[in-house]
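The values are calculated or read from the model by the stated rules, or taken from the named source; none is laboratory data. Keep in mind the model is a prediction, meaning the values are calculated, not measured. As a convention, Cβ positions derive from the backbone with ideal geometry for all residues, glycine included, and neighbour counts pool all protein chains shown. Ligands, DNA and RNA are excluded from the accessible area calculation, which covers all protein heavy atoms including side chains. Shrake-Rupley method; radii C 1.70, N 1.55, O 1.52, S 1.80 Å.
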Amino acid sequence: MPYEELIKKAIKAKQYAYAPYSGFPVGAALLTEEGKVYTGCNIECASYGATNCAERTAIFKAVSEGERNIEAIAVVSSSDDYTYPCGICRQVIMEFGNKIKIIAARSEHDYKVHVIDDLLPDSFSSEDLKKTGGGYKDGI
Ligand SMILES: [Zn+2]
């Protein structure tokens, strides 16, 4: 799927954002390696810590439906500038692969593509837990 199409889906997902506290609606569209798309928006809460970002909404939707092979995630916001995943989302994206592409888009014609490993270098991961012999079990 061309990135332009993925970005259009992220823009559409942004319209469902529930962002009454920040006033900063965000949309994301995740592309699996098999070509399926899962979208997400940010969902805020009066108890701010319960807020969930658009990227994680898309990832949790995909994973909860059996997907784990993520190829790319497009992110858009109401800002005129490029919007990148926050630190928490970068960590969650990294959980599913260090080569996942992040598409920070201002529009379907104006975007930047990065690899998550470049946005979260020297990250903590399941590999660190494997070194100690605990904490991570394949297939669960
Ligand atoms: Zn985030």
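A residue that is closer than 28 Å to GLN15 by Cα and either assigned to a strand (DSSP E or B) or of a type in the set (A, V, I, L, M, F, W, C) (or both) cannot be found anywhere in the stretch 132-140.
I'd like the full set of residues that are part of a loop (DSSP other than H, G, I, E, B) and crowded, with 19+ Cβ neighbours inside 10 Å, limited to the stretch 4-20. Even if it seems obvious, please write down each step before you answer.
At the first step, the residues of the stretch 4-20 found to be part of a loop (DSSP other than H, G, I, E, B) are 15-17, 19-20.
The one that is part of a loop (DSSP other than H, G, I, E, B) and crowded, with 19+ Cβ neighbours inside 10 Å: ALA17.
Picking from residues in the stretch 25-83 that are open to solvent by 70 Å² or more (accessible area, probe 1.4 Å) and of a type in the set (Gly, Ala, Ser), the one that is nearest to the ligand (Cβ to nearest atom) is GLY49. Among the numbered conditions (1) closer than 18 Å to TYR82 by Cα; (2) outside any helix (DSSP H, G or I), the only one that MET1 does not meet is (1).
In the set LYS112, LYS99, LYS61, LYS131, which member is modelled with pLDDT under 95 and of a type outside the set (Gly, Ala, Ser)? Walk me through how you get there before you give the answer.
Details: LYS112 fails: modelled with pLDDT under 95; LYS99 fails: modelled with pLDDT under 95; LYS61 fails: modelled with pLDDT under 95.
When all the criteria are applied, what remains is LYS131.
I need the full set of residues from the stretch 98-112 which are assigned to a strand (DSSP E or B) and acidic (Asp, Glu), in order please. Quick ask: steps written out before the conclusion?
Applying the first criterion (assigned to a strand (DSSP E or B)) to the stretch 98-112 yields 101-107, 110-112.
Within the stretch 98-112, ASP110 is the sole residue that qualifies.
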